[in-house]
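Taking it in order: structure first as structure tokens, then the write-up.
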Amino acid sequence: MQNNTKKDFEPKIKVEKLTGFKGSDLEDLCDAMEKTIADAGTGLFSVGFNWVEAPPREKLESYWKGLLLVPERTLFVGRIDGVIASSIQIIKPPPSNQAQSFAATMREHFVAPWARGHGLAKLLLKAVEEECVAQKLKILKLEVRASRDAAISLYESFGFKRWGMLDKYEMVGGNYIAGYFYYKDLL
Ligand SMILES: CC(C)(COP(=O)(O)OP(=O)(O)OC[C@H]1O[C@@H](n2cnc3c(N)ncnc32)[C@H](O)[C@@H]1OP(=O)(O)O)[C@@H](O)C(=O)NCCC(=O)NCCS
């Protein structure tokens, strides 16, 4: 009889830079995004949109397709057993902004609720840092809502330094929510 160990059932996780959609990639990415937004509830999570409820599927699809056409943006996705369950974006300053051409911003980092706790968020962050270093960028910036404890703990464990806080960072249901601003020097 075959002796199955816990390792046999561990999902295969993988992160990659996405330049086009194949198979069910686009649907899986929209699905991951919808589930992340639904999980945040009135806590609101936005990817490109500031809506409490996920926008209609066609708008989500247009968003992701359009994103791949923006030269300053790089999209990474994380897969579990081949299914896209997470993503992150690097945004570089436009060519006209030469004075800040050394700095990139990391945005829209999320893992669908069903895929959390397997290390995808960490792998995505690592991929972003490696890409920025390869592109000779010197610092990586990010901002995050002050209540996102899991994300804050992750970013600080990666060596991001908090340099600022804004009380009126976002507005949800008529109330202001604070946000934190971080940066990391890249080697
Ligand atoms: C934050 C988020 C991306 C983490 O995804 P994940 O796949 O569970 O994270 P990973 O398994 O790769 O990494 C786990 C690390 O994140 C942190 N973390 C994850 N969940 C946590 C929790 N509930 N409490 C505290 N820290 C947590 C820890 O540093 C942890 O490292 P450890 O396992 O060594 O302790 C995910 O919870 C998410 O998408 N949240 C909603 C969207 C969001 O907040 N995005 C970030 C700001 S835009």
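Around Glu143, what is the net charge, scoring Lys/Arg as +1 and Asp/Glu as -1 over all other residues with Cβ under 12 Å from its Cβ?
Working: positive: Arg107, Lys141, Arg145, Arg148, Arg162; negative: Glu108, Glu170.
Charge balance in the 12 Å sphere: +3.
For the chain, what does the equivalent ellipsoid look like in terms of its semi-axes, each the square root of 5 times an eigenvalue of the Cα gyration tensor, given largest first in whole Å? Don't skip to the answer; put the middle values down first.
On the way: eigenvalues 138, 88, 71 Å².
Taking √(5λ) for each Cα gyration eigenvalue gives 26, 21, 19 Å.
If the only charges are +1 at each Lys and Arg Cβ and -1 at each Asp and Glu Cβ, what is the size of the charge dipole of segment 11-185 around the Cα centre, to the nearest 20 debye?
On the way: 24 positive and 22 negative charges, 108 e Å.
With Lys and Arg at +1 and Asp and Glu at -1, about 520 debye.
Can you tell me the relative contact order of the chain? Whole percent, Cα pairs under 8 Å, sequence separation 6 or more.
Numbers: 309 pairs, mean separation 34.8, N = 187.
Worked out over the chain, it gives 19 percent.
Taking amide H positions as placed 1.01 Å from N in the peptide plane, with prolines and chain starts having none, which residues 5 or more places from Ala178, or on another chain, fall under 5 Å of its amide H?
HN-HN under 5 Å from Ala178: Ala146, Tyr169.
Give me a comma-separated list of calculated 3J(HN,Hα) values for segment 127-141, in order, Karplus coefficients 6.51, -1.76, 1.60 applied at θ = phi - 60°, integers in Hz, x for any Gly or Pro.
4, 5, 4, 5, 5, 5, 5, 4, 8, 6, 7, 9, 9, 10, 10
Leaving ligands, DNA and RNA out of it, rank Thr105, Thr19, Thr36 by accessible area with a 1.4 Å probe, largest first.
Ranked list, largest accessible area first: Thr19, Thr105, Thr36.
Near Gln89, within a Cβ-to-Cβ distance under 9 Å, what is the net charge of the other residues, with Lys and Arg +1 and Asp and Glu -1? Numbers along the way, then the final one.
Working: positive: Arg73, Arg107; negative: Glu108.
That works out to +1.
How large is the helix-only mean residue ellipticity at 222 nm for the chain, computed as the sum of -39500 (n - 2.57) over DSSP H runs with n ≥ 4, divided by its residue count, in deg cm²/dmol to the nearest 500? Intermediate values should be presented prior to the final figure.
On the way: 4 runs with 51 residues, N = 187.
-8500 deg cm²/dmol, from helical runs alone.
Need one number: the % of Cα-Cα pairs in segment 62-146 sitting beyond the 15 Å mark.
60 percent
If you take every residue apart from Lys35 with its C-beta less than 12 Å away from the C-beta of Lys35, what net charge results, scoring Lys and Arg +1 and Asp and Glu -1? Write down the numbers at each step before the final one.
On the way: positive: Arg116; negative: Asp28, Asp31, Glu34, Asp39.
Here the charged neighbours net out to -3.
What are the ³J(HN,Hα) values, in whole Hz, obtained from phi via the Karplus relation 6.51 cos²θ - 1.76 cosθ + 1.60 with θ = phi - 60°, for each residue of segment 166-178 in sequence order, with x given for Gly and Pro?
Running phi through 6.51 cos²θ - 1.76 cosθ + 1.60 with θ = phi - 60° gives 10, 4, 9, 8, 9, 10, 10, x, x, 10, 6, 10, 7 Hz.
Accessible area per residue for the chain in Å², computed with a 1.4 Å probe and the full protein assembly in place, what is it? Kindly include the intermediate steps, with their values, before the conclusion.
Numbers: 10730 Å² over 187 residues.
Ligands and nucleic acids excluded, the result is 57 Å² per residue.
The values are calculated or read from the model by the stated rules, or taken from the named source; none is laboratory data. Keep in mind it's a predicted model, so treat the numbers as computed, not measured. In this analysis, Cβ positions are derived from the backbone assuming ideal geometry, glycine residues included, and neighbour counts consider all displayed protein chains. What goes into the accessible areas is simple: the full protein's heavy atoms, side chains included, and nothing from ligands, DNA or RNA. Shrake-Rupley method; radii C 1.70, N 1.55, O 1.52, S 1.80 Å.
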